[in-house]
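Take a look at the structure below.
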Amino acid sequence: MELFNNILIYFVIVPLLTLGGLALCSNRGIKAIRTVAVVGACALMVLAVWLVSIFLQARGAGDTSEMILRSDVMWYAPFNVHLALGVDGVSVVMILLSAFIVFAGVFASWKMNPLPKQFFMWFFLLSTGVFGFFISIDLFTMFMFYEVALIPMYLLIGVWGSGNKNYSAMKLTLMLMGGSAFLMLGLIGIYFHSAPEGQPLTMNILDIAHNDAIPHSWQYVLFPLTFVGFGVLGAMFPFHTWSPDGHASAPTAVSMLHAGVLMKLGGYGCFRIAIYLMPFAANELAWIFLLLTGFSIVYGALSACVQTDLKYINAYSSVSHCGMVLFAILMFNTTAMTGAVLQMLSHGLMTALFFALIGMIYGRTHTRDIRDMGGMMHIMPYLGVGYVIAGLASLGLPFLSGFAAEMTIFFGSFQHTDTFHRVLTIMATTSIVVTAVYILRVVAKLLFGEVQDEHHRTLTDASWEERLSTATLILAVAAIGCFPNFFINIISSSFDPVVKALQAALPL
Amino acid sequence: MDLTLFMYLIPSLIMFGCGVYGFITRKNMIAIMISLELMLNSVDINFVVFNRYLFPGQMDGMFFSLFAIAIAAAETALALAIIINVFRIAKKVDINEITKLKF
Amino acid sequence: MESVGNIILYFIVAIAIIVFSVLTVTTRKILRSATYLLFVLFATAIIYFQMDYQFLGAVQIAVYAGGILVLFVFAIMLTQQPGKSAEALTSQRRCLGLVAALCGVALCGYGLFSYAGFAGKLLSSGVDINMEKIGQFLLSTDKYGYLLPFEAISVLLLACIIGGVVIARRR
Amino acid sequence: MPLNLAIVVVALPLFMFLFLGLVGVKMGRKITGVIGVLAMLVDTILAYGVALTYFFGSGEGQIVDGVRQAVVVANPAWLSFTDTLVVRMGVLVDPIAAMMLVVITTVSLMVHLYSLGYMSDHDGNAEKGFQRYYAFLALFTFSMLGLVVATNVFQIFVFFEMVGLSSYLLIGFYYSTPAANHANKKAFIVTRLADLFFLLGVMILSYYTKTFDFDQLVFGPTMSGSLETAQSAISTAGGATFLGCSVMAWALTFIFIGGAGKSAMYPLHIWLPDAMEGPTPVSALIHAATMVVAGVFLVARLFPLYVLVQGAMNIILVVGAFTAFYAAAIACTQSDIKRALAFSTISQIAFMMTSLAVSSNENSLIEIHEGYGLGYMASMFHLFTHAMFKALLFLCAGAIIHAVHSNENDKMHGLHKFMPITSICFLIGCLAIAGIPPFAGFFSKDEILVAAYHRGLGWGLWMSMVACMTAFYMFRIYYLIFFWKKHEVHDEHHAPKDQPWTMTLPLIILAAISCVAGFVPFHDLVTWDGHALHTSIDWTVAGSSIGVALVGICLATVMYRKENPLPERMANAMRGLWTASYKRFYMDELYQFITHKVIFQTICVPIAWFDRHIIDGFFNLLADATNSLSFGIRRLQSGSIQAYVYVYLLGALLLAAITMVCVLL
């Protein structure tokens, strides 16, 4: 079958196979479970790297089509639902990111207890959804995979979480479901205006964009619906409150995957669907969301300054950083949007690293309250150094990922000719100071200083699988930081169609 | 003076009303069943008299009553069996007090 | 013009039905309630006989008055202490019941009065319904044949027998 | 020696950082230290080679029309924003870069060597974290070198952050002590705040000029030698305004604030005294000699732009002049010798800033007068000499602290007998900073004063006064450490003594450099436009500056040479002033108030509360409303069959009634 000649479909098949393999394992055979999970994760990683090289070759060979590796299989004819696959630079790097985080996540949940088999099964179901979302270019399949990625989250937090997990799982799922309710309305609306009068309706994003048939009056309705729908997942103010509670209760690997990849679905969807398909309304309404996201950048950072729970700090910092992603996307120029994707990559890896380290520290100390900890650098130097590196990446130190991303965003946004946008950019820029404040506060409290609790002196440093998990992420963070141009070259050309559509939609 | 259809419907109607009243007000489950029988009975009467007065050539109403009686018998038998069983377990037959299955 | 006997019988029956129905639901002693029900059922049977449906009247007496009521009496005997009367109804409960019942009666009564078209219809005589005919109908598959309901009822009764045994069995 | 080696000069410390950080921790402590020192030695030799080649070689393209050109050795793209805005990570060698290479590697080598002894206990065993220490030193050296060879303003920003990081890591080297823990946080955040402005400045600048590269921003104008074409690269920016002010004024002022943060100009100086919590060699390297002059370097690098914007220059002038005086005033009362030296550093850097700022005035754009560019040269000269003698002073202080285990000067007194070598080196440092010929400081400071008098008599007198204070407080410290009264020795075995050769050798070398550095022909080598500047010592100014220095020294001698009640009486006489100065004019308390009470308590806490209770509360309210609604509905589902019947009946009756009404009507 022609579909199976496309490498993209294997990003869905491999996790599903892993899922099947895990189902065959006995619940007691922890070794078999781990082996299957690791094999699955490694296979995904190899696929992702291979995909990058295919992409680079295609672009290098002068293939300038908007999406490469296109496949299209009719799925449900009455609604013209296809299984349409295709990737551009943005999806490629997002897939790479997801593969990295799945890989690290498997090792971070090495000692998952209880029910490791079921945990990994849900984990891989979630990653199926994530990969499926990134490879699809059909509205329906995208939405379907989106939901596939969201639902396992409820069980993963509700069963394997800690603390007030029922509340958190419920809150997270309900808020995200609320978002997808908006989204579904939006998608249905798009579908029914996807083609000019008399032509068959379509779900294919590229076709919809080329048809450009959504009436302006409808765009005013559909753009906010889809943008808010994805924005909820992207932790847009004021729909971000699921994030602190959800992350605080989620088990390590789930936090990693959620902050690392799922929240990126939001940003990705915002530009791929909301902005690309409805450029007119995007131009008209962007200022509202710019204000919201610009506000949330500073707001999240300031909130993070007074939190005492490690995961809350990180969750609020995510609000700030993800706010930056949406903020940059709304600037509508290639540089800022490229920066947004870089920031997604950077934030994904760095937050995954943070959550992995927090999980490891929590697994040892059984507390996440920074007031109860101190001097961890003496006790667990490896984790301490990892935490410092993650913190530095977060506060935007050069040669780590955060810097390249944030600078691209700031400089890109500042290229906007409108004073309003530039003033907002300057306000957003102030977050780099606040970020430094809360990161250093945590680092000083948690890692430096005196050991607060004598029992902590007996704790051990990271084990090999924890080292592997964190080292992978640190390397990735450093790679983005040191060679940003490599990623920028992959990403930036993908924004040309979007920017072109936006400019075409500008009122004359 | 003639015995019209109307004259048979009056007692039936009152019987039904009594059944309703009893069903709603009584607490004893057996009393509720009795009220139920009243209602059923009034319906049977209606079937029969309508059939007899309006369509004397057919027998649908009568058969309907016949079957209704059979079903009523079956239903009563089961219901009473359940009531007796409940009584065995809960030692009471008051409908308000038997709430174990509520949630 | 009906015979006077018929009319007198009708009035006796009607009054009996009304009075005993009311007593059935108002008495506080459950056994009396069952007894009044018996009278109501008998009165009903008389109506059936008046309608010339002798078979139905017989069934009414045999099954209802004979079977069901005995079941009731047994059930009452098993669950109630003899002579104990139920506690008095609260006025709120009674009011609610009365409202519902009276509303129903009033509405239906109004309906009856207003659709007076058929209300004055008289009994046509000369209907002969013998057992043979009933048997034919019950087991026939023609139009107006009742084989299917008949069989359904028999299965139901069977299920009911089994159910009764299972439920009432002492564990 | 090819200039390409500059790349190696920069890259070697980076390699050493990775090597020592990743591999070194597995090796012995001492051996990593030795490897670090040797690598630094190689690096220093290479740097000297590059500098000598640049200044005295005549390679291709180095000199055009008698002007020494900036040479871009390598310039690969690192981060592309747009087609024109490309951040490059390059290596550029020009006079100030070459000079800085020498300064950084020299001081760094001295500190590397010195630390071998300093970071060991008295038995010569290296401290815990020795490898980490050397790795961080290498990281710092790399960052600083990367900064000075930057080919574009963004690269400077990048390395500003990097030196900030290295400084953070090194201040917090003793991370278990609360003081170090607070100090490194403070240093990072304050400089970060300044960097924010730097970033904004770069953003504004690049938006209008469409470039980061010095090639177009700076060298274009200088090398063309004409101020008309000077504006071509930034001509688009010239007329533009942003939020009501000229774009260039905004940009350059912001960039200056960035530099002021690193260079500890008032009011962003508060981190520097606290930064002394780090190991003393670190203070010598970072917080005295190299990193703190990054701000000066930044302004010097963009000097041709600043020349065009008089407003920004005036701000620098005022801030610099005020800081010089302010820090000198504080330095006069400090009892912690490292803090006193820190304030001295602030004051001296302010000298350099002032000197840059006095280089131009309104007229300078039209007619190039005699003193034009002198300030620039003087500033760079002072940067160079100051690095040497301030490193010397700090390393001496380190030796003393290592010997007596205290920073406070009342634990010292009378150490001259015990530590003669240290004492003499310290004296040389003091003489140099006070500006006594023939020591290095005299020459550079003299040029600064000349430039200041050129700008205006007031500025000149003001700076002379600060120079006098400088001499006074330095000799105050000197006397309090080495004389004042006899040192009380409690334990013969632990009596203070001169430190091992690893520590004294750097002192002697630096002292020697401090003696001769003044004779380096700076005016030939380091000038803003590459043309040699013809200056001679203006003996009226020089004489007066020697005079004020001598006055300061004499005053200090009278007050502090021998134990006497005079200082006590003076302090009592000016109690309020003295206390304010001792408490550093309450700037720390002010910051503490603003950050904790204002920002933390009235912004962050309410925001967090708002988030938890209003925003989250709203969503919880939604959930609760749904919940209570469903509970309300659940009451209908009572489980009471009679209630159901009742409702059903009423419903049925209602329907029947409606039907009837409809039919009847």
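The values are calculated or read from the model by the stated rules, or taken from the named source; none is laboratory data. Every value quoted in this text rests on a predicted model; they were computed, and no experiment measured them. Heads up, the Cβs are rebuilt from the backbone with ideal geometry, glycines too, and the neighbour counts pull from every protein chain shown.
Side notes on the structure shown:
- Lone qualifier among C:Arg93, C:Arg28, C:Arg32 - being of a type in the set (Lys, Arg) and within 7 Å of another protein chain (Cβ to nearest Cβ): C:Arg93
- Selection of region D:70-85 for residues being crowded, with 19+ Cβ neighbours inside 10 Å and at the interface with chain A (Cβ under 10 Å from one of its Cβ atoms) yields D:Trp78, D:Leu79, D:Ser80, D:Phe81, D:Leu85.
Every residue, every condition in (1) farther than 23 Å from D:Leu199 by Cβ; (2) buried (at least 24 other Cβ atoms within 10 Å of the Cβ); (3) under 15 Å from the mean Cα position of the chain (by Cα); (4) touching a residue at least 24 places away in the same chain (Cβ under 8 Å), yes or no:
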{"residue": "D:Tyr133", "(1), (2), (3), (4)": "yes, yes, no, yes"}
{"residue": "D:Ser143", "(1), (2), (3), (4)": "no, yes, yes, no"}
{"residue": "D:Tyr168", "(1), (2), (3), (4)": "no, yes, yes, no"}
{"residue": "D:Ile171", "(1), (2), (3), (4)": "no, yes, yes, yes"}
{"residue": "D:Pro178", "(1), (2), (3), (4)": "yes, no, no, no"}
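- Some residue of region B:25-41 being farther than 24 Å from C:Val99 by Cβ and under 15 Å from the mean Cα position of the chain (by Cα): yes
- Restricting D:Val67, D:Val50 to those that are surrounded by 18 or more Cβ atoms within 10 Å (Cβ to Cβ) and in contact (Cβ under 8 Å) with a residue 24 or more places away in the chain reduces the list to D:Val50.
- For region A:447-501, filtered to residues that are assigned to a loop (DSSP other than H, G, I, E, B) and among the hydroxyl-bearing types (Ser, Thr, Tyr), the residue that is surrounded by the fewest Cβ atoms within 10 Å (Cβ to Cβ) is A:Thr460.
- Test result for B:Ala73, within 8 Å of chain C (Cβ to nearest Cβ) and either touching a helix residue (DSSP H, G or I) at 6+ places or on another chain (Cβ under 7 Å) or in a helix (DSSP H, G or I) (or both): yes
- Any hit, region A:285-296, residues being buried (at least 24 other Cβ atoms within 10 Å of the Cβ) and within 14 Å of chain D (Cβ to nearest Cβ): yes
- All conditions but one from (1) closer than 26 Å to A:Trp122 by Cα; (2) touching a helix residue (DSSP H, G or I) at 6+ places or on another chain (Cβ under 9 Å); (3) outside any loop (DSSP other than H, G, I, E, B) apply to A:Lys31; the one that does not is (2).
- Hits in region D:615-647 - residues which are among the hydrophobic types (A, V, I, L, M, F, W, C), loosely packed, with under 11 Cβ neighbours inside 10 Å and either facing chain A (nearest Cβ under 9 Å) or over 60 Å from the mean Cα position of the chain (by Cα) (or both): D:Leu629, D:Phe631, D:Ile633, D:Leu636
- Per-region count, region C:149-171, residues under 24 Å from the mean Cα position of the chain (by Cα), farther than 16 Å from B:Leu80 by Cα and surrounded by fewer than 15 Cβ atoms within 10 Å (Cβ to Cβ): 5
- Among (1) more than 7 Å from every other protein chain (Cβ to nearest Cβ); (2) assigned to a loop (DSSP other than H, G, I, E, B); (3) crowded, with 16+ Cβ neighbours inside 10 Å, the one test that B:Val86 misses: (2)
- The combined condition, being in contact (Cβ under 8 Å) with a residue 12 or more places away in the chain and at positive phi, is not fulfilled by A:Leu125.
- Criterion: assigned to a helix (DSSP H, G or I), within 13 Å of chain D (Cβ to nearest Cβ) and either touching a strand residue (DSSP E or B) at 6+ places or on another chain (Cβ under 9 Å) or touching a residue at least 60 places away in the same chain (Cβ under 8 Å) (or both) - qualifying residue of A:Ile358, A:Ile313: A:Ile313
- Filtered residues of region C:47-74 (kept if within 19 Å of B:Met15 (Cα to Cα) and more than 10 Å from chain B (Cβ to nearest Cβ)): C:Phe49, C:Ile61, C:Ala65
- Of all residues in region D:331-341, none are farther than 30 Å from D:Ala556 by Cα and buried (at least 24 other Cβ atoms within 10 Å of the Cβ).
- Filtered by the rule that a residue be assigned to a helix (DSSP H, G or I) and surrounded by fewer than 19 Cβ atoms within 10 Å (Cβ to Cβ), region A:405-421 gives A:Thr419, A:Phe420.
- Residue in region D:118-126 that is modelled with pLDDT of 80 or more and among the acidic types (Asp, Glu) present: no
- Here the condition is being assigned to a helix (DSSP H, G or I), basic (Lys, Arg) and out of contact with any Phe, Trp or Tyr (no Cβ under 6 Å at 6 or more places or on another chain); of D:Lys445, D:Lys486, it holds for D:Lys445 alone.
- Residue match in region D:575-585 (condition: within 37 Å of the chain's Cα centre (by Cα) and surrounded by fewer than 11 Cβ atoms within 10 Å (Cβ to Cβ)): yes
- C:Gly145 being small (Gly, Ala, Ser), more than 7 Å from chain B (Cβ to nearest Cβ), in contact with a Phe, Trp or Tyr (Cβ under 8 Å, 6 or more places away or on another chain) and under 28 Å from C:Met51 (Cα atoms): yes
- First in region D:589-612 and touching a residue at least 40 places away in the same chain (Cβ under 8 Å), second anywhere and surrounded by 15 or more Cβ atoms within 10 Å (Cβ to Cβ), Cβ under 6 Å, 6 or more apart: D:Tyr591/D:Ile270
- Matching entry among B:Ser42, B:Ser65 (being in contact (Cβ under 8 Å) with a residue 24 or more places away in the chain and not in a loop (DSSP other than H, G, I, E, B)): B:Ser42
- Checking D:Ile35, D:Ile31 one by one, the residue that is surrounded by fewer than 20 Cβ atoms within 10 Å (Cβ to Cβ), more than 18 Å from D:Val148 (Cβ to Cβ) and touching a Leu at 6+ places or on another chain (Cβ under 8 Å) is D:Ile35 and no other.
- Condition check for D:Tyr114: in a helix (DSSP H, G or I), crowded, with 23+ Cβ neighbours inside 10 Å and under 21 Å from the mean Cα position of the chain (by Cα): no
- The condition (being crowded, with 16+ Cβ neighbours inside 10 Å, in contact with a Gly (Cβ under 7 Å, 6 or more places away or on another chain) and either assigned by TED's automatic domain parsing to the domain that holds C:Tyr53 or not in a loop (DSSP other than H, G, I, E, B) (or both)) is satisfied by just one residue among C:Gly97, C:Gly104: C:Gly104.
- Some residue of region B:59-66 being of a type in the set (S, T, N, Q), within 7 Å of another protein chain (Cβ to nearest Cβ), closer than 18 Å to C:Pro149 by Cα and in contact with a Phe, Trp or Tyr (Cβ under 8 Å, 6 or more places away or on another chain): yes
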